[in-house]
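Just so it is clear, none of the values below were taken in a lab; they were calculated from the coordinates. Because the structure is a prediction, the values reported are computed rather than measured. Glycine gets a Cβ as well: all are built from the backbone with ideal geometry, and neighbour counts include every protein chain shown.
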Amino acid sequence: MNITRLIAEDCSIAEKSVQNTIRLFDDGATVPFIARYRKEVTGNLDETQIRDIKERHTYYTELNERKETIIASIKEQDALTENLLRKIESTTSKTELEDIYLPYKPKRKTRAVIAREKGLEPLAKRMMAQQDVSGSADTLAASFITNDVPDTEAALNGARDIIAEWVNEDSAVRQRLRQIFFQNGSICSAVKKDKKGEPSKFEQYYDFQEAVKSIPSHRALALFRGENEDFLSLSIEVPRDTIITELNNRFIKNKRCIFAAHIENAVSDAFQRLLHPSISTDIRQELKEKADLTAIDTFAKNLRTILLAPPLGAQPVIALDPGFRTGIKTAVLDATGRLLEHTAIYPLAPHSKTDEAHDIIQSLIKRYAIKYIAVGNGTAGRETEAFIRDHSKLFRNDIQCVMVNESGASIYSVSDKAREEFPDLDATVRGAVSIGRRLQDPLAELVKIEPRSLGVGQYQHDVNQNLLRSKLDDEVEHCVNLVGVDLNTASADLLSYTAGIGPKLAQEIVKYRSENGQFSSRKELMSVPRLGAKAFEQCAGFLRIRNGKNPLDASAIHPESYPIVERILRDLKASITDIMGNERLISSIRKEQYVSETTGVHTLNDIIAELLKPGRDPRKSFEAVAFREDIREITDLQPGMVLPGIVTNVTNFGAFVDIGVHQDGLVHISELANSYISDPHDIVSTGDPVTVKVVSVDTVRKRVSLSMKQAT
């Protein structure tokens, strides 16, 4: 099996590119490094293509290992033929491989195994030969009567059990049935008897049926959850009579044979007792895997937009973690996110110490030259926002009040990471700090929080957890390396996602920085204990040093390319400070002069782009979104209202939007646009500011339906 060729065909990528990418992985290269700094080697593959190659390589490697195990097992049984070996070696599917192995797989005491032990396999073979057209089946079966086989009925029953197992273990049959189950099958659900009449979130599935091939992932996952929570019974229904007819045509070669009816009986038994349960399980597993992948992909897309949300940047902020009875925890952060001061204010009921709170806030604004205040969007968020807006009017301050999604902040505030950074602070103060830092730099703060706690998933607790964790880690890694990491300010959490570093090296870097002061050059990384040449190669281009010895250290240009930049500077008779951002000078560079075996056009294009805008942040510019001041509770809403909002989550069936009433509204996929769309992500992303119209309000169930359709 040529793995490289198979991957190339699967991914529609040139075989040479696949081969070179696999070689880079074998040498310890990371996905971000390969995508950014080895474009000539891969043929300019992007991260998605590179990860696809990695996944398919893992699949085929595992397949080969399984083949070796199976071949060894069949050899031990002295049953390996040339034809069987070719069949095993040629298959490219794990499912098909297991079908081939099924007849040779060690079995428990099945009915067929017991029948063989009673000596009935010769009778089963004679029946399947279908050469007997005269006499009676009972007469021929009589010769198999023994102490273990009391009569001809027992002999024929045992032989039919063996035939049923042969039908079940026929790999071509199993492959064909999977096609029928998928193309013509339906997944059906019914309420459990003891739950009949009981209201639940699964009521719409109490009597439900949908085609296997077209059921969307969110409904499939809902059905599986209903089954796991013991509300629903699930089954896969298929056209049984059609399947039985096809199987009979396949196995009954001579209808005049005296055993034809017995074979027909065995075929029916094989389907009902063995094939239907087995193939149903396979189809359910396939449905689950596909639904998992779709849900995880949706989660990953939402996570990416949250992590890449526009940062406020290096601005001091006041961060407020709202509360009624416990007060509003107030933290002041400097432009780097360092905690300067914290306190609590009590302007809201039941305390209503409004004047005192105004004085404290005004004092902090003046002392620290504050222009931005971050307010968590949880309980008492809108009331706190209103207090700050009143404060701004009262004191005539030009203050921007920004609502910040605080999902996961409470989990972070009691985490080991938070306790390690602020051992003497109350958890609520840590939460306020996290809210403020999310405004300053969402990526740097959110990497500290388990992605599954950010509230942007769909059935995240029902999907394959290992796959979810891996995919989300990949997404965080992508975002961190896309933006780049400030080596002198980054936390260990942020550093750990930098290509080639990981948690242990991240701690070593932070420790070195703490003991030796700020890094002045990328080369100094080589002095960090346990950070060798390979790790340096992988991480150096993604780490930034502002105001260091070499201005290139603040860019995404890899140190291995510094000699090329130096050649360019010599040829232009310019300094590095002359060329950076100088469009006229950069446009005079003749790229063809610098192409070599190791440096191609792709790398030179990247170098020139970085010289034009060194260390450019790929994220959008920050823009604050304000909710309508008169809309604070769900009871304030009326159908027809047009409101500003922020997208908080995107699913396969629509988008959830925060409109400032403590309950996100749903814009169903059919209400996202005037024209048909198949994927909500084509229209909106998490964090997008949007304008929505209220369609309906259910205050009892706290459900708000919204629309983004434009009036025509």
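Numerical summary
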item: Equivalent ellipsoid, segment 496-612 (semi-axes from 5 times Cα gyration tensor eigenvalues, Å); result: 29, 16, 11
item: Value of relative contact order over the chain, rounded to a whole percent, pairs C-alpha under 8 Å and six or more apart; result: 10
item: Structure-based [θ]222 nm, the chain - -39500 (n - 2.57) summed over DSSP H runs of at least 4, per residue, nearest 500; result: -14500 deg cm²/dmol
item: Neighbourhood charge, 13 Å Cβ-Cβ cut-off, centred on THR21 and excluding it, Lys, Arg +1 and Asp, Glu -1; result: -1
item: Segment 544-623 versus segment 185-230: alpha-carbon centroid distance in Å; result: 57
item: Zone of GLU89's modelled label, taken as backbone nitrogen in segment 56-71 under 16 Å from a point 7 Å along Cα→Cβ; result: 64-71
item: VAL133-ILE244 FRET efficiency (beta carbon distance; Förster radius 25 Å; 0.05 resolution); result: 0.60
item: Distance between segment 250-265 and segment 39-66 - C-alpha centres, whole angstrom; result: 49
item: Proximal aspartates and glutamates relative to LYS195, as straight alpha-carbon distance under 15 Å, when same-chain residues fewer than 8 apart are discounted; result: GLU203, ASP207, GLU227, GLU229, ASP230
item: Segment 482-638: relative contact order in percent, alpha carbon pairs under 8 Å with at least 6 residues between; result: 19
item: Highest-first arrangement of 305-315, 277-287, where packing means the average Cβ count within 10 Å; result: 305-315, 277-287
item: Partners for LYS573 among lysines (Cα-Cα distance below 24 Å; same-chain residues under 8 apart left out); result: LYS549, LYS591, LYS613
item: The chain - share of DSSP beta bridges that are antiparallel (%, nearest 5); result: 75
item: Cα-based Rg / Dmax (Å) for the chain; result: 33.1, 109
item: Those aspartates and glutamates that a straight Cα-Cα span of less than 19 Å connects to LYS371, excepting residues fewer than 8 apart in one chain; result: ASP321, ASP334, GLU341, ASP359, GLU385, ASP390, ASP398, ASP441, GLU623
item: With 10 Å bins from 0: P(r) over segment 3-104, alpha-carbon pairs, percent; result: 15, 39, 22, 18, 6, 0
item: Near-label residues of segment 180-207 by backbone N, under 18 Å of a point 7 Å along Cα→Cβ of GLU229; result: 189-207
item: Alpha-carbon centroids, segment 106-147 and segment 444-486: separation in whole Å; result: 59
item: Descending Cα extents along the principal axes, segment 72-201, whole Å; result: 61, 44, 30
